[in-house]
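Just below is one structure, and these are the notes that go with it.
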Amino acid sequence: MGQKIHPLGFRLGATQSHDSIWFAQPIIYSKNIKEDKMIRYCIVHYILNTINGSLEFDVDISGYGIGRIKIQKRIDRIKVIIYMGLPNLLKEEVKAQRIEELKTHVQKKVNCVNRKIKLGITKIANIYRDPHILAQFIAKLLLNRISFRKAMQKGIELVEQADTKGVQIQIAGRIDGKEIARVEWIREGRVPLQTIRAKIDYCSYPVVTIWGVFGIKIWIFLNND
């Protein structure tokens with residue numbers, strides 16, 4: 001039997017660092033994890049529903065998406081860094097207003113009575129090197145009823161243009177509306193999952209379609225450290 005392990009957890013301490021950095025006593029450890037999950041959910045929900053809804057129709061949204069959300073906690077402060085592929089939202093005249101609105105939204109959902117929240121938005125230089133943004137792009141294609149093979153091939157082409165060494169894309173579910181769910185995947189280049197020093201970025205992304213829930217998994221081999 002093949003033994004599966006999460007590609008990022010397997011490389012912690014070698015080529016991968018934690019997305020959440022804080023210390024907590026065992027009695028409140030689970031509470032902090034739940035708080036991190038709520039912060040990430042609030043940010044993603046706000047951006048998808050508020051910001052995307054206010055974009056003009058002539059804007060190319062193919063590269064829009066949210067990458068990683070990193071959280072650093074102290075006793076009196078929570079620092080959140082959002083990595084995004086949204087260049088139009090990073091204009092100086094809009095950036096401060098968006099961050100303030102987002103901060104207010106998060107404070108309403110999370111109990112931050114004695115702590116300040118500091119939000120920062122960082123633009124991802126090469127957006128298709130990030131598997132989260134690529135997965136969101138493929139999900140949009142599937143929602144528009146584009147063939148899964150065309151969607152995966154388009155994803156491969158975008159990653160190849162982003163100066164990577166390899167990529168693997170996997171889609172699972174009732175593909176094309178078939179009654180029996182199956183898994184389809186495609187790989188281009190090298191994806192050495194068993195090599196710890198290989199810097200591999202990974203993402204698992206669910207998307208709800210008219211045929212049910214599809215699962216998209218993406219592995220991107222960036223380089224050797």
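The values are calculated or read from the model by the stated rules, or taken from the named source; none is laboratory data. Quantities reported herein were computed from a predicted structural model and do not represent experimental measurements. Glycine also receives a Cβ, built like all others from the backbone with ideal geometry; neighbour counts cover every protein chain displayed. Surface areas here come from the heavy atoms of the whole protein model, side chains and all, with no ligands, DNA or RNA. Shrake-Rupley method; radii C 1.70, N 1.55, O 1.52, S 1.80 Å.
Where in the range 145-219 are the strands (runs of 3 or more DSSP E), entirely inside, with at least 3 residues that are aromatic (F, W, Y), under 15 Å from I133 (Cβ atoms) and at pLDDT 95 or above? I'd like the intermediate steps shown before the answer.
On the way: elements: 166-173, 182-189, 198-209.
Passing ranges: none, list empty.
So which pairs qualify, if the first residue must be in the range 131-149 and free of Cβ contacts under 8 Å to residues at least 60 places away in the same chain, the second must be open to solvent by less than 50 Å² (accessible area, probe 1.4 Å), the Cβ gap must be under 7 Å, and the two must be at least 6 apart or on different chains?
L141/A151; F148/L142; F148/I171; F148/I175; F148/E184
Just for the range 32-62: of the residues that are modelled with pLDDT of 85 or more and open to solvent by 70 Å² or more (accessible area, probe 1.4 Å), which one is nearest to N144 (Cα to Cα)?
Per the criteria, the residue is H45.
Looking only at the range 170-210, which residues are surrounded by 13 or more Cβ atoms within 10 Å (Cβ to Cβ), over 14 Å from A151 (Cβ atoms) and of a type in the set (A, V, I, L, M, F, W, C)?
Across the range 170-210, the qualifying residues are A181, V191, L193, I196, A198, I200, C203.
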